[in-house]
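One structure below.
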Amino acid sequence: MSDPFDFSLIDAAAERLRSGGLVAFPTETVYGLGADALSADAVERVFQAKGRPAANPLIVHVTGIDMAATLVDGPLGDDATRLMRAFWPGPLSIVLPRHQRVPGIVTGGGPSVALRCPDHPIALALLFAFGGPLVGPSANKSGTVSPTTAAHVREAFDGQTALVLDGGACQTGIESTVIRLEQAGAGAGGGSSMGGGATILRPGVVGAEQLEAVLEAPVRFGPGISEAGAPLPSPGMLASHYAPRARTVLFSDWSELELFAEEADSASIAVLSHSILAEESDLPPRAILHRLPATATEYAAALYCTLREADAPGTSLIAVHRPPLPQYAQADSPEAAAIWRAVHDRLMRAAAPR
Ligand code: AMP
Ligand code: MG
């Protein structure tokens, strides 16, 4: 456990942001690498430090609806306002038309900007002390497993590159849901995003059902997200992301794991399983079992930390037991189904060919 956070560090962190520097901060989802969102130079430093492709846009973190409104072209619109009221602060990023005061580098040159208000006292304290919007991509090198502790951040960035605010482990543990709101009738209605469609670009713990209940309209899924909630037919359909160093595969039952084990030296296999029935004796000889919780919320919170532990220097293969399919959780709770869907999304990308 980390010590209680010393809020007197916030002023120095905000000062560092004002001079164009980088500050890594905890949020409820994962740690973010913060920089002044209105400074193209500061944002450029974030892309450099992460090794992030210039076309991959950054999420802009705000203190709330009022700050969000200053970053959007035209009025916020009814749909965006409803979502912000319902889910902020919280793990929902909303993609809206970009105001010209947001530098193009933030959005990968595109016409829209993703906005989110994080539900974390340290992130909010930093935003208020800085007094403006902060970009906050995950504080890791591009494509790798996202950080859920300050120690994870320090593995990627030295103290020169980024000041790290240590808020202990992130509670949610996976990245925010990203939803895009379309404008009603392109060309008509000016900058308002009222009454258009909504598309989930990245699944997270805020699920489609919860979003539909607030929008009172259907929510679609973007390309590469399986709508039934089942894993996609092949990880090859997705670009690699959230990937450990070791080759990562998914298995559904123990006989399938044996097939993978035949190809690898079983002493170097790390097996991740949520099954309470999993026993060392199910595993290939000398493979190491890393247990994950069997419930959705706890699984998501533990996933990245466990993947990192499994990705030790001697590991050549990480085999992850596929968690329950979202449709089986649906009846119990739509919230759990949404989390399992997001977990499957991350696992599929971790196991995608590189
Ligand atoms: P990360 O910052 O690492 O959590 O990743 C941010 C995610 O949000 C990526 O999947 C981006 O592609 C997505 N994103 C950020 N801004 C936009 C935008 N303007 N339009 C669409 N997707 C976005
Ligand atoms: Mg990321």
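Numerical summary
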read-out: Residues being touching a Phe, Trp or Tyr at 6+ places or on another chain (Cβ under 6 Å), modelled with pLDDT under 95 and of a type in the set (Gly, Ala, Ser) - total across segment 297-333; value: 1
read-out: Meets criteria (at pLDDT below 90, more than 16 Å from ligand 1 (Cβ to nearest atom), surrounded by fewer than 16 Cβ atoms within 10 Å (Cβ to Cβ) and more than 18 Å from the chain's Cα centre (by Cα)) for Pro233; value: yes
read-out: Scan of segment 118-132 for residues that are surrounded by fewer than 18 Cβ atoms within 10 Å (Cβ to Cβ) and assigned to a helix (DSSP H, G or I), ordered by number; value: Pro121, Phe128, Ala129
read-out: Qualifying helices (runs of 4 or more DSSP H) (wholly inside segment 249-330; at least 2 residues being more than 26 Å from Thr172 (Cβ to Cβ)); value: 254-263
read-out: Which listed residue, of Ala151, Ala162, Ala156, is free of Cβ contacts under 8 Å to residues at least 40 places away in the same chain, within 13 Å of Lys50 (Cβ to Cβ) and either more than 9 Å from ligand 1 (Cβ to nearest atom) or among the β-branched types (Val, Ile, Thr) (or both); value: Ala156
read-out: Of all residues in segment 282-294 being modelled with pLDDT under 95 and surrounded by fewer than 16 Cβ atoms within 10 Å (Cβ to Cβ), the one that is farthest from the chain's Cα centre (by Cα); value: Pro285
read-out: Subset of segment 133-183 that is open to solvent by 10 Å² or more (accessible area, probe 1.4 Å) and of a type in the set (Ser, Thr, Tyr) - its residue that is nearest to ligand 2 (Cβ to nearest atom); value: Ser138
read-out: Which numbered condition Arg346 misses (of (1) more than 24 Å from Gly173 (Cβ to Cβ); (2) charged (D, E, K, R); (3) surrounded by 15 or more Cβ atoms within 10 Å (Cβ to Cβ)); value: (1)
read-out: Of residues in segment 39-60 being within 17 Å of Arg16 (Cα to Cα) and buried (at least 18 other Cβ atoms within 10 Å of the Cβ), the one farthest from ligand 2 (Cβ to nearest atom); value: Ser39
read-out: Test result for Pro244, at pLDDT 90 or above, over 24 Å from Ala208 (Cβ atoms) and open to solvent by less than 10 Å² (accessible area, probe 1.4 Å); value: yes
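One line per residue, one yes/no per condition, for (1) touching a residue at least 60 places away in the same chain (Cβ under 8 Å); (2) more than 21 Å from Thr149 (Cα to Cα):
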| residue | (1), (2) |
| --- | --- |
| Tyr304 | yes, no |
| Pro313 | no, no |
| Ser316 | yes, yes |
| His321 | yes, yes |
| Leu325 | yes, yes |
| Tyr328 | no, yes |
| Asp332 | no, yes |
| Val343 | yes, no |
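The values are calculated or read from the model by the stated rules, or taken from the named source; none is laboratory data. Predicted model, so just to flag it, every value in this text is computed and none were measured. Every residue, glycine as well, gets a Cβ built from its backbone with ideal geometry; the counts of neighbours run over all protein chains shown. Please note that ligands, DNA and RNA were not included when accessible areas were found on the heavy atoms of the full protein model with its side chains. Shrake-Rupley method; radii C 1.70, N 1.55, O 1.52, S 1.80 Å.
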